[in-house]
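The structure under discussion appears below in the form of structure tokens.
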Amino acid sequence: HCPGLSSQRCALHRIPYHRAMDLDVLESVRYTFQKAEEAGLGVLSQTDFKKLAKNMDASFTDEELDIMFAAMEKTEDGMVDYMKSIDWIACTAKVGDTVEPKQREDSVSLDGVVQVRAQENQVMEAEKQSSNDAIQAIKDAIQAIEDENRTIKAENQAIKDERKKLREEAEALTSEAAASRARHEEEQGKRQALLFWSCDLREVELTLRVMWSAWREAVKDAKDAEVKELRSKLAASIGTTAYLASPFCSREPQGELAFIEPGIDDSEELFDGRHARTCKLQAQQDKSKDLQDRCAAADASAKVAVRIARRTAAEAQARSDDAKAASLCERIEERLQLLCDTLDPPPGMKRAQDVTEDMLKIQRTEPAKWSITFEQWFTIFNHAKSQQSWQALVNQKDGASVNLYDFNRQFVIPWTVGLGCGMALLMNHEYKNADFMLSHCWAEGVEECQDALEDFCRAHNLTGDLRVWFCLFANYQAKAVSTTRGAQDAGPTIAEQLNLDPFGSVIAGVDQMVAIHTTTCELYDRLWCVYEVAEAMKKEGMRTQAALSNAYKEQMQLRFQRARDAGMSPHDALVVAGLRVDTLRARCGSLEDENRIWHKVLDSPGGFERLNEAVLWFRARIMAKVADNIATDMANAVLDIFEFPNVAVDEGGHGGTGVTADRASLALEVLDQPRPDVGRVWFQERINRQANLNGQLFDALWHQETAQAKTLIESRADIWSISVAWPKTTLQVAAKWGLSEMCEILVQCGLSPFEKNIMTSDGSRRRIESWDAVEYAENNGHIELAKWLASQPDPMQAKEPKL
């Protein structure tokens, strides 16, 4: 009997506590179990276990033995391994322990019971803590899955937004596809024309190649509608395909919490929702795969149709189907002449047999020599405009300008395809460096581009033998076309030519760059043009000029005047007119090229802001020469932007009262300087000298030295200047001292005898004395001069209002 323990606990612990074994008893137990093993028993059933236990100790009851057997570890068939049974029974009496004879008593001391209870309590506390940790881990796992669900919802929303964006892009691409289809039909017609042209020249290989190409495209077009329909259905399942292809799908959702016990935090509902969503995605994926298989089958059918078409074409050719040939001839006869015109190169251009290895080497290595003369430049454009294909191209543009992209596609590429050299080398027998670099935008209209350069050559008296570098004619443009057709071509690609830095190489060898301006596009929206200006500014002594088309000049003048009439400041009017630009907005077709150009510009002094100033300067310089009625206003607005001072004062002039020199009279001359920094130095020297001349003129008038005054006027002293302390015009001073001859000269120059308080004859509205010239002559006793001045017309009233 064990005090404080239940009958079950007493039975389970009977052997270690109620009947503590000594070594003899333990060896007896082992001997009895080994005999059972020798009898062929590897395991013990419950009956065998009871029999063996009672052989060891007949005092065990059946109830105690049942409890002990239930607590032992069993095999799958409910049996007990006999060796493990021995270990369990001898858990506190191991082999090698020594037990004193006095410890073989039938009862256990109270201290032993307390110690056992303490050990049991510790085990139970450890098990309880382990259970609590397991529950907390389950809760943490549930929270992690909820967080994962929220993440998946956010990812699904991002996928929906991406799908919407893709649909918008698809709509834009649809319109582009329509335009591409029109171009495809045009190219198909050209190919058919080329077929008959090759037949006429008996180019058998070319004839067969074009024939097979035409048949392939004809059959492919027949199957195109079916394939597009299937692909559109595939796109309808974009919710699945976009998700499966997205980076979010690389992280699979975590598995369901199978180890969670039922009833904990609604895990069954969570499992059902996740499982339903997974099944739905799987179904959509299966549907998408089915559509992809159908598209692949359609593509395979198209390939089979192509093979059938080839065989049909061969059979038709073998039968010499005259009816089909005649019908085809009728359809393309009208296009044949157009093709022949396009293939007719400009006079003086080399043919394939004239291309040498030296030419190919220069095209690959020496961009500075890809130059062409002014005369050849105009010859190429004039020859193209004399062809019937030019008029067809104009009609196709439907009122829009034929730009350089169109010219390249319609003329330059057909002329040079397969030759490996650009137009510049093909038009020349000597390969020299250029005299001018032409900076232009490919979106510019051909007509305006030609008009701008013609006007520039006339204005500067340039001869036709001077050489220019024009990238459309310098670079070899047809490599991509040759590669597409599978033809051999020894020429370089556009990328290979750009890697030579042709723009920087050419600018390093020339002294002048001409930027061509037209109304069809903004030149400095093209980043390559910005790069060309940046490279030109790095070179000492480089002069950048602008060639403006007549339409560009008229548009700029009109917009500047309208802005000023609307009350805008001169600065804002420059923006409206297009003189001021933001080169940071420029773009080009390649992101790699953009990054390279940005780094080069940012590494140069002043960066993009300095380029903006340079463009404004040379544009204003040209406009100041052609915009008569707004030239001074525009020039002064430009000088305000560059913070040029308004006036300079000759402190010693007019008897020490000072005489001003106004910037307005020098503004146009300042803009004639090549760069803002050069203009600033020139202006400071000139305005100081001008102030000195003006002071001398007032002194001569004050001392009635008419001859000296006339000499100073001829030396470009400013008759519009005024004195400082007592602000008088030159005419007021001359009238005060009765200088009739000088008054007549000044009136003829445009000064008004009637202006007072403010100077109106030069439009400056500066403050002057309150007597006009008539009053000065009359009040100082020069009556006849006063009468003559009063009889003169007011030049301000005679002037017509500005448009």
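The values are calculated or read from the model by the stated rules, or taken from the named source; none is laboratory data. Since the model is a prediction, treat every value here as computed from it, not as a measurement. Counting neighbours? That spans all protein chains shown, and the Cβs are built from the backbone with ideal geometry, glycine included. Quick note on the areas: whole protein, heavy atoms, side chains included, nothing else; ligands and nucleic acids left out. Shrake-Rupley method; radii C 1.70, N 1.55, O 1.52, S 1.80 Å.
Data for the structure
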read-out	value
Single residue of the range 667-688 satisfying the filter (more than 20 Å from A614 (Cα to Cα) and of a type outside the set (D, E, K, R)) that is least open to solvent (accessible area, probe 1.4 Å)	I687
Whichever residue in the range 729-750 is open to solvent by 10 Å² or more (accessible area, probe 1.4 Å) and under 60 Å from the mean Cα position of the chain (by Cα) and, among such residues, is nearest to G763 (Cα to Cα)	G750
Long-range neighbours under 7 Å by Cβ, at least six apart or interchain, first residue basic (K, R) within the range 572-596, second in a helix (DSSP H, G or I) and open to solvent by 30 Å² or more (accessible area, probe 1.4 Å)	R585/D525; R587/D525
Qualifying residue in the range 519-541 (condition: part of a loop (DSSP other than H, G, I, E, B), over 28 Å from the mean Cα position of the chain (by Cα) and closer than 25 Å to E594 by Cα)	yes
Of residues in the range 706-724 being open to solvent by 20 Å² or more (accessible area, probe 1.4 Å) and within 23 Å of V774 (Cβ to Cβ), the one farthest from the chain's Cα centre (by Cα)	T706
Filtered residues of the range 689-705 (kept if open to solvent by 10 Å² or more (accessible area, probe 1.4 Å) and either in contact with an Asp or Glu (Cβ under 6 Å, 6 or more places away or on another chain) or among the hydrophobic types (A, V, I, L, M, F, W, C) (or both))	N692, L693, W702
Residues satisfying the stated conditions in the range 542-576, i.e. more than 29 Å from K600 (Cβ to Cβ) and outside any helix (DSSP H, G or I)	S549, A566, G567, M568, S569
Unmet criterion (only one of (1) assigned to a loop (DSSP other than H, G, I, E, B); (2) of a type in the set (G, A, S); (3) modelled with pLDDT of 85 or more) for A487	(3)
Options R580, R543; residue that is modelled with pLDDT under 85, under 14 Å from N612 (Cα atoms) and basic (K, R)	R580
Residue satisfying condition, being part of a helix (DSSP H, G or I) and more than 26 Å from E187 (Cβ to Cβ), within set Q450, Q497	Q450
Residue that is among the hydrophobic types (A, V, I, L, M, F, W, C), within 22 Å of M437 (Cα to Cα) and open to solvent by less than 80 Å² (accessible area, probe 1.4 Å), where the choices are A563, A546, A577	A546
Among residues of the range 428-450, those that are more than 31 Å from the chain's Cα centre (by Cα), of a type outside the set (S, T, Y) and open to solvent by 40 Å² or more (accessible area, probe 1.4 Å), counted	5
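Listed here are the residues, each with its yes/no results for (1) exposed (fewer than 10 other Cβ atoms within 10 Å of the Cβ); (2) over 30 Å from K397 (Cα atoms); (3) touching a residue at least 60 places away in the same chain (Cβ under 8 Å).
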site	(1), (2), (3)
V116	no, yes, yes
E125	no, yes, no
S131	no, yes, no
S175	yes, no, no
